[in-house]
Amino acid sequence: MRAVVYEGPRKVSVKDVPDARIERPTDVLVRITTTNICGSDLHMYEGRTDFETGRWFGHENMGQVIEVGEGVDKVKVGEYVVLPFNVACGHCKNCERGYTNYCLTAQPVPNWAGAAYGFADMGPWPGGQAELLRVPWGDFNCLRLGEDAQEKQTDYVMLADIWPTGYHATEMANVKPGDQTVIYGAGPVGCMAAYSAVIKGASRVMVVDRHPDRLAKAEEIGAIPIDDSKVDPVEAVTEMTMGLGADNGCECVGYQAHDPQGNEHPNMTLNRLVKSVRFTGEIGVVGVFVPEDPGSPDPLYKEGYVAFDYGEHWFRGQKMGTGQCPVKRYNRQLRDLIAGGKAKPSWIVSHELPLDQAPQGYEHFDKRDQGWTKVVLHPNG
Ligand code: NAD
Ligand code: ZN
C-alpha cells in the first residue's frame, strides 16, 4: 500500500510500505477515505522528535471497514468509521475512568503518555496517511457513522482529533452560556475551540493569532479576531471585557509559540493567557508541551521547563486543565451534532488533496502559507 513516509526533517514522500492487515482477533481493517495533516504531525515533520525514518504519519483518520477479526462483534464490514486518535484498550485502569488518552495497554512504556496512530513516543501503531489502517481493539476504537458518512466525510473526519480537542479545551476551561472566552491560536485546534465555545453559547469569543487568513476563519463563525502583531492581546481582551478579563480561556498553540517575528518563546501564550483571564477564571491547555525538547532555542525549555508566571496564575485564583484529549469522551455527541445538521466543522478545511500530493500539503501547512488552514488527504481517490 502507499503511505506518507517520514524521511527526515521536513521531508516526507509517498512510498510503498507493507499492507496493513488483521494481526489480532480484535483488530478491524479500514480502507482510509479521509485523513488529515495536523499541527501535531509538524512536531515530527520538523524533526523535533525521535520519530523513526521509514514510519508513516496519520492520526486523524476515517474510512470504510473492509475486514474484521473473529473477536470483533460490533463493527461490521462495509460500515464507515472514524477513529479517535487515541489508541486505547478500553479496559485498563485509565480507560475505565474515561482517560483513553492515557491507556496503559496500548502504550508499551509503563507510566507514560497514551498511544496514538503514527506518532513519536506514542506506541508502535502505524499511521493512517496510507491506503489501509489496522485498528486495534476495533470495537472500542471505531466510532460508527451513518449513511451520510461519505457525503459529510470532511466533517466527520474532524472527530478523530481537532474538534474533540478544541472542545476538550473548552471543557477544561468550563465554558458556559454567556461566558466571554479567549482562545490563543487560530490554527485548526484554536478554531475548533472557538467553534465549540460558540456552540456552547459563549457571548463573546476572542481569538488571538497573527495570520490574517486564520483570523478571518475564526471571524467566519462569529469570533472576534485579535492580531497580536498589531495590538497587545492582553490589553485588547481586558478592554473588551470592561477591565475584568475573560471568564475563561484556551491555549491552542503549545511550546512552538513564537513572537510575530518568528522567534520561539514556549511561555508566551501561557503567560499572556493567564493575564487575559479574570481572577477565579478557568484555563484549558491543549497546545502540546513536552518533558524535554533538545532542539528548543529556549535554554530552559530544552529541559522541558517553561518560564511560567505561576505567581500571577496563583494570585488570580485560577484553575488550569492540561493534556491530550480523551477523544471518546466527546465524539458521540459531536458526531450527532454533525448528523443532526447542527454543526459543520469542515468550515476549517482549505485543501483536499490526493495522497500523492501530501508532500506539498506538508510543506505549505508547515510554513503556515496564506490560505493553508487545514489539509485533508484522500488516499483512495
Ligand atoms: P498550528 O501550528 O497549525 O496552529 C498554531 C497557531 O498558533 C498558528 O496559527 C500560529 O500562528 C499561532 N501562534 C503561534 N504563536 C502564537 C502566539 N504567541 N500567540 C498567538 N498565536 C500564536 O497547529 P494546530 O493544528 O492548530 O495545533 C495547535 C496545538 O495543539 C499544537 O501544539 C498541537 O500539537 C496541539 N494539539 C493537541 C492535542 C491534544 O490532544 N492536546 C491534539 C491536537 C493538537
Ligand atoms: Zn491531530
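Using only helices, what value at 222 nm comes out for the chain when you add -39,500 (n - 2.57) per DSSP H run of length 4 or more and divide by the total residues, to the nearest 500 deg cm²/dmol? Walk me through the intermediate numbers first.
Numbers: 12 runs with 96 residues, N = 381.
It lands at -7000 deg cm²/dmol.
Hey, can you rank 297-304, 22-29 by average C-beta count inside 10 Å, highest first? Walk me through the numbers before you get to the answer.
On the way: 297-304: 13.6, 22-29: 18.0.
Highest mean packing first, the order is 22-29, 297-304.
Quick one: putting +1 on the C-beta of Lys and Arg, -1 on the C-beta of Asp and Glu, what dipole do you get for region 162-322 around its Cα centre, in Debye to the nearest 20? Before the final figure, lay out each step's value.
Values: 13 positive and 22 negative charges, 94 e Å.
Dipole magnitude for region 162-322 comes out near 460 debye.
For a quick protection proxy, order the peptides 159-170, 82-93, 217-228, 310-321 by their average other-Cβ count within 10 Å, most packed first.
Numbers: 159-170: 29.4, 82-93: 22.8, 217-228: 19.8, 310-321: 14.1.
Packing proxy ranking, top to bottom: 159-170, 82-93, 217-228, 310-321.
Do any of Lys15/Lys200; Lys15/Lys230; Lys152/Lys200; Lys74/Lys342 go past 32 Å between their Cα atoms, and which?
Working: Lys15/Lys200 43 Å; Lys15/Lys230 44 Å; Lys152/Lys200 22 Å; Lys74/Lys342 27 Å.
Exceeds cut-off: Lys15/Lys200; Lys15/Lys230.
Placing unit charges on C-beta atoms (Lys and Arg positive, Asp and Glu negative, everything else neutral), compute the dipole magnitude of the chain about its Cα centre in debye, rounded to 20.
It works out to roughly 760 debye.
Applying a 10 Å radius around every beta-carbon, put 322-334, 121-133 in order of their mean neighbour count, most first. Please list the in-between numbers first.
Numbers: 322-334: 19.7, 121-133: 22.8.
The most tightly packed comes first, giving 121-133, 322-334.
List the lysines whose alpha-carbon lies under 19 Å from that of Lys367, not counting same-chain residues fewer than 8 positions away?
Straight-line reach from Lys367, under 19 Å: Lys11, Lys217.
Expressed as a whole number of Å, what is the distance separating the alpha-carbon centroids of region 332-361 and region 138-195?
Cα centroid to Cα centroid, the span is 10 Å.
Take the alpha carbon atoms of region 9-69, find their center, do the same for region 363-381, and report the distance between the two centers in whole angstrom.
So the separation of the two Cα centres works out to 16 Å.
No lab work stands behind these numbers, since they all come straight from the coordinates. Here the structure is a predicted model, which means the values were calculated and not measured. With ideal geometry, Cβ positions are generated from the backbone for all residues, glycine too; neighbour counts draw on all protein chains shown.
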